[in-house]
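Some notes on the structure that comes next.
Nothing in this text is a laboratory measurement; each read-out follows from the coordinates by a stated rule. Worth saying up front: this structure is predicted, and the values here are computed from it rather than measured. Glycine also receives a Cβ, built like all others from the backbone with ideal geometry; neighbour counts cover every protein chain displayed.
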Amino acid sequence: MNKKLIPVADPHANYLSHKATIDSAIQKVLDSGWYILGSVTREFEQNFAQFIGVKHCIGVNSGTDAIVLALRALDIGAGDEVITVSLTAVATVAAIELVGATPVLCDIDPETRCIDPAKIEALITEKTKAILPVHLYGHPADMSALKAIAERHQLYLMEDCAQAHGAQINQQMVGSFGDVSCFSFYPTKNLGAIGDGGAVCTTDDALADKLRWLREYGWKERYISSFQGMNTRLDEIQATILNAKLAYFEEETLKRIAIAEIYHQELADLELVLPSVKPDCRHVYHLYVIETERRDQLQSYLREQAIASAIHYPQAVHQQPAYLNRLPGSDQLSTTDALIPRILSLPMYPELKADDQARVIEAIRAFFLR
Ligand SMILES: Cc1ncc(COP(=O)(O)O)c(C=O)c1O
């Protein structure tokens with residue numbers, strides 16, 4: 001009998017687990033006749049700002065747009081440099097180039113897989129305007145070290161939280177440490193819409209105003225553009241879905257953490273590196289990424305057992321054709337370069353059933369111990 005495929009992520013299962021609530025919330029929006037930037041979006045923005053522990057949330061069309069909008073609101077553009085990482089979704093780097101600025105790539109800390117604060121200062125020039133760490137896979141970057149560097153050099157501290165909704169340092173949510181933070185609600189994200197969505201968070205009132213104007217054509221008042229803005233709005237249907245899911249979000253985060261604990265326990269004795277968690281940090285396991293020299297063989301073996309796995313990412317940004325070694329810092333990424341051929345993301349989603357996780361564990365154990 002063919003085994004059922006265990007996916008890496010399962011946004012459909014997440015929809016099904018809240019189907020009745022989501023369906024009726026969508027119906028209400030359909031019946032309301034108001035589809036973009038209305039009361040439902042405002043309610044979500046308030047709820048999400050409160051959840052993160054900031055004053056303002058500005059809903060936008062995607063995580064990429066959230067970064068573009070945040071950079072534009074900070075007046076970062078042509079001639080400016082932004083320090084970020086190469087081990088990230090390409091969107092982080094692409095957004096910096098979309099505003100005309102230059103991404104400068106910094107290496108990572110091999111334990112957290114996030115930006116290595118010790119390597120940042122050597123990359124700072126008079127053009128540097130901001131540091132943009134990514135809380136990769138759901139583990140927080142070292143925000144206290146980054147804050148100290150940003151203050152010392154008078155740089156903006158931004159946060160790419162696309163993979164880290166609910167991650168914490170000393171019980172404080174990521175997204176509340178920087179001057180501005182950017183979220184994606186792409187369907188597979190920990191808090192995912194059923195379509196595209198994103199948000200920018202900040203506690204700075206003036207910045208929040210600017211973000212709101214810029215997301216809608218630069219309008220301070222309707223039809224009158226005071227700034228050269230863009231259109232990146234969160235729609236009411238996505239906002240109502242996100243509002244519905246936010247009510248269950250902490251519970252789902254705890255499920256991810258419990259699944260990670262089982263992987264930790266059951267795989268600890270094998271010849272592979274498991275994700276580590278810094279003391280005082282809450283890792284929210286957007287992805288559960290292991291490291292092994294035999295990555296490709298393990299992935300094929302799992303595939304034969306009807307277990308999906310994925311590589312985030314098969315190439316770091318500086319290795320991809322569009323960016324190949326043309327960005328500053330690209331030749332100083334030895335930890336990133338060494339990590340790329342070793343990483344593998346295992347199935348990780350709140351609805352992962354215990355017997356399916358047992359199947360994943362059994363297959364990995366069989367691969368290493370056969
Ligand atoms: C770290 C990171 N930054 C930015 C993004 C961009 O988000 P979106 O796909 O919503 O544009 C993503 C998701 O793809 C991401 O994982």
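Structure above, values below:
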read-out	value
Sites matching trypsin sites (Lys or Arg not before Pro) across region 197-302 that sit in DSSP coil, with at most 12 neighbouring C-beta atoms within 10 Å	222
Convex hull volume of region 247-291 per residue (C-alpha atoms, cubic angstrom)	70 Å³
Positive-end residue, region 12-246 charge dipole about Cα centroid, Cβ charges, pick of 174, 33, 143	33
Cα-Cα over 23 Å, subset of 129/220; 129/210; 245/278; 55/119; 127/220; 220/245	129/220; 245/278; 55/119; 127/220; 220/245
Descending semi-axes in whole angstrom, ellipsoid equivalent of the chain, from the Cα gyration tensor	33, 27, 17
For region 29-170: relative contact order, % (alpha-carbon pairs under 8 angstrom, 6 or more apart)	18 percent
5 angstrom amide H check on residue 113, placed H, neighbours 5+ away	none
Overall dimensions of region 1-67 by Cα: Rg and Dmax, Å	16.5, 54
Gain in span if fully extended, residue 13 to residue 206, counting 0.36 nm per residue against the direct Cα distance	65.5 nm
GluC sites (Glu not before Pro) restricted to DSSP loop in region 255-297 with at most 15 other C-beta within 10 Å	271, 293
Length-normalised contact order of the chain in % [C-alpha pairs under 8 Å, at least 6 apart]	23 percent
Linear extension gain, residue 221 paired with residue 34, 0.36 nm per residue minus alpha-carbon span	65.4 nm
At most 12 other Cβ within 10 Å, DSSP loop - GluC sites (Glu not before Pro), region 1-103	none
Interchain or long-range residues, amide H under 5 Å from residue 36's placed H	236
Surface/4 of the Cα convex hull for region 249-369, nm²	9.2 nm²
